[in-house]
Amino acid sequence: MKNTALTDTHIALGAKMVPFAGFNMPVQYSGINDEHETVRTGVGVFDVSHMGEFILKGEKALDLIQKISSNDASKLYDGKVQYGYIPNETGGIVDDFLTYRIDENTYFLVVNASNIDKDWNWIAKYNSFGVEMKNISDETSLFAVQGPKAADALQSLTDIDLAPMEYYSFAKGKFAGVDNVLVSATGYTGAGGFEIYVANEDAKKVWDAIFEAGAAYGIKPIGLGARDTLRLEMGFCLYGNDIDDTTSPLEGGLGWVTKFTKDFVNSANLKAQKEAGIQKKLVGFEMIDRGIPRHDYEILDADGNKIGRVTSGTQSPTLKKSIGLGYVDNAFTKEGSEIFISIRNQSIKAKVVKPPFVK
């Protein structure tokens, strides 16, 4: 199992550590509900250094990205970030990922921790363009500083003007006395904030500086448990739960980042699927009766027939009710549709709602 540069720091802070995507990661410190509330109303810091980072460089770097990505990276400009997914050849998803345009010939890709090797090999397989590829995952640390007070808490550490930074943009500059730090505003919590990419050797210095600068704003370390409840309240997909190698991106609600104006891996088949019409869809739902939905629980109709399955579920700390995501047959995708979750052999009533759950 791999450690991040700050594993010892998390243990010293009293974090409960768990294996996640091959890494020893903090799942919680003070408790998931407390940490969740901290991010929703104040500011908290996640160590998400398990994520993967690749650099693609060369005159044909954009051509390679256009081939492997569902989205149209030609729309990017320097300092802009784009969300997309890597389609496989059989109708599923290799991974979802972010593309950062550093300059015309240099792109920075951020991928999920569990898929680093898989994504690297997949992109390399399609690299007939002579693009220089560099995997910097093992030497890069990543902190997500999230919450409405994030800009105020961090501004004293950098010459980058944080408050006006647009969603899905980034800048490079000095941060906590370290040169050439990449700061982005992509977020996975819906609470606003920033991601700080630094070399491992600077990780502890930057982490400590963030907590010193944020002390006046009640900054706290946040674990992966609250990260999951926060992203689920926004209806954000988690690879391995809501989307994977076997799920259709169109059924998974990723049609908005599927651009048929270009040719990419499996685009013809996905276009045919879109034209034929999908048979099921990923929807949000909230429980009407008491019960917490969990991954792979069956979704039923009023007569007890199976109409789908839960992909993510939790008790929402903000709403104080249970919420979830799941695939259901087309007839049940309309907002307000009554569905039932099979929990311990009982049909527990729920209704389909449109994410985000927390507006």
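In nm, to one decimal, how far is the E201 label point from the F260 one, both placed 7 Å along Cα→Cβ?
Here the modelled spin labels are 5.1 nm apart.
Give me the dipole magnitude in Debye, nearest 20, for the stretch 1-80 about the Cα centre, with unit charges on the beta carbon: positive for Lys and Arg, negative for Asp and Glu.
So the magnitude is around 240 debye.
Keeping every protein chain present and rolling a 1.4 Å probe, give me the accessible area per residue for the chain in Å².
43
In the stretch 19-149, what percent of the accessible surface is made up of carbon and sulfur (1.4 Å probe, ligands and nucleic acids excluded)?
Taking all protein chains in place, the stretch 19-149 shows 48 percent carbon and sulfur surface.
Show me, bin by bin at 10 Å from 0, the whole-percent P(r) of the stretch 75-168 based on Cα pairs.
Taking all Cα pairs of the stretch 75-168, the binned fractions are 12, 38, 34, 14, 3 percent.
At most 14 other Cβ atoms within 10 Å and a DSSP loop assignment: could you name the chymotrypsin sites (Phe, Trp or Tyr not before Pro) in the stretch 128-201 that fit? Provide the component values of the computation, followed by the final result.
Numbers: sites: F129, F143, Y167, Y168, F170, F175, Y188, F194, Y197; in loops: F129, Y167, Y168, Y188.
In loop regions of the stretch 128-201 (DSSP not H, G, I, E or B), the sparsely surrounded chymotrypsin sites (Phe, Trp or Tyr not before Pro) are Y167.
Give me the percent of accessible area attributable to carbon and sulfur for the stretch 216-359, probe 1.4 angstrom.
Percent of accessible area from carbon and sulfur atoms in the stretch 216-359: 47.
Could you state the principal axis extents of the C-alpha atoms in the chain, from the largest down, to the nearest angstrom?
63, 49, 39
Roughly what would the spin-label model give for Y167 and D329, points 7 Å off Cα along C-beta, in nm?
Taking the simple label geometry, Y167 and D329 are separated by 3.5 nm.
Could you give the C-alpha radius of gyration of the stretch 61-110 expressed as a fraction of 2.2 N^0.38 Å, taking N as the number of residues it contains?
The stretch 61-110 yields a ratio of 1.09.
What's the extension gain from M1 to A124 if we count 0.36 nm per residue and subtract their Cα-Cα distance?
Working: separation 123, 0.36 × 123 = 44.28 nm, distance 2.51 nm.
Taking M1 through A124 to full extension adds about 41.8 nm, to one decimal.
Given Cα pairs under 8 Å that are at least 6 residues apart, what percent is the relative contact order of the stretch 80-182? Walk me through the intermediate numbers first.
On the way: 99 pairs, mean separation 18.0, N = 103.
Rounded, it is 17 percent for the stretch 80-182.
Give me the percent relative contact order of the stretch 122-242, please, defined on Cα pairs under 8 angstrom at least 6 residues apart.
Taking the mean separation of contacting Cα pairs over the length of the stretch 122-242, I get 26 percent.
List the GluC sites (Glu not before Pro) in the stretch 8-96 that DSSP assigns to loop (not H, G, I, E or B) and whose Cβ has at most 10 other Cβ atoms within 10 Å. Which are they?
Answer by residue number: E89.
Within the stretch 68-118, report the chymotrypsin sites (Phe, Trp or Tyr not before Pro) that DSSP leaves as loop and that have at most 12 other Cβ atoms within 10 Å.
Y77
Counting alpha carbon pairs within less than 8 Å and at least 6 residues apart, what relative contact order, in whole percent, applies to the chain?
17
Along the charge dipole of the chain, pointing to its positive end and built from +1/-1 on Cβ of Lys, Arg, Asp and Glu, which listed residue (S137, H295, N115) has its Cα farthest out?
H295
The values are calculated or read from the model by the stated rules, or taken from the named source; none is laboratory data. Treat the numbers as computed from the prediction; the structure is a model and nothing was measured. Positions of Cβ are generated from backbone atoms using ideal geometry, with glycine treated the same way; all protein chains shown enter the neighbour counts. Accessible surface areas use protein heavy atoms only, side chains included; no ligands, DNA or RNA. Shrake-Rupley method; radii C 1.70, N 1.55, O 1.52, S 1.80 Å.
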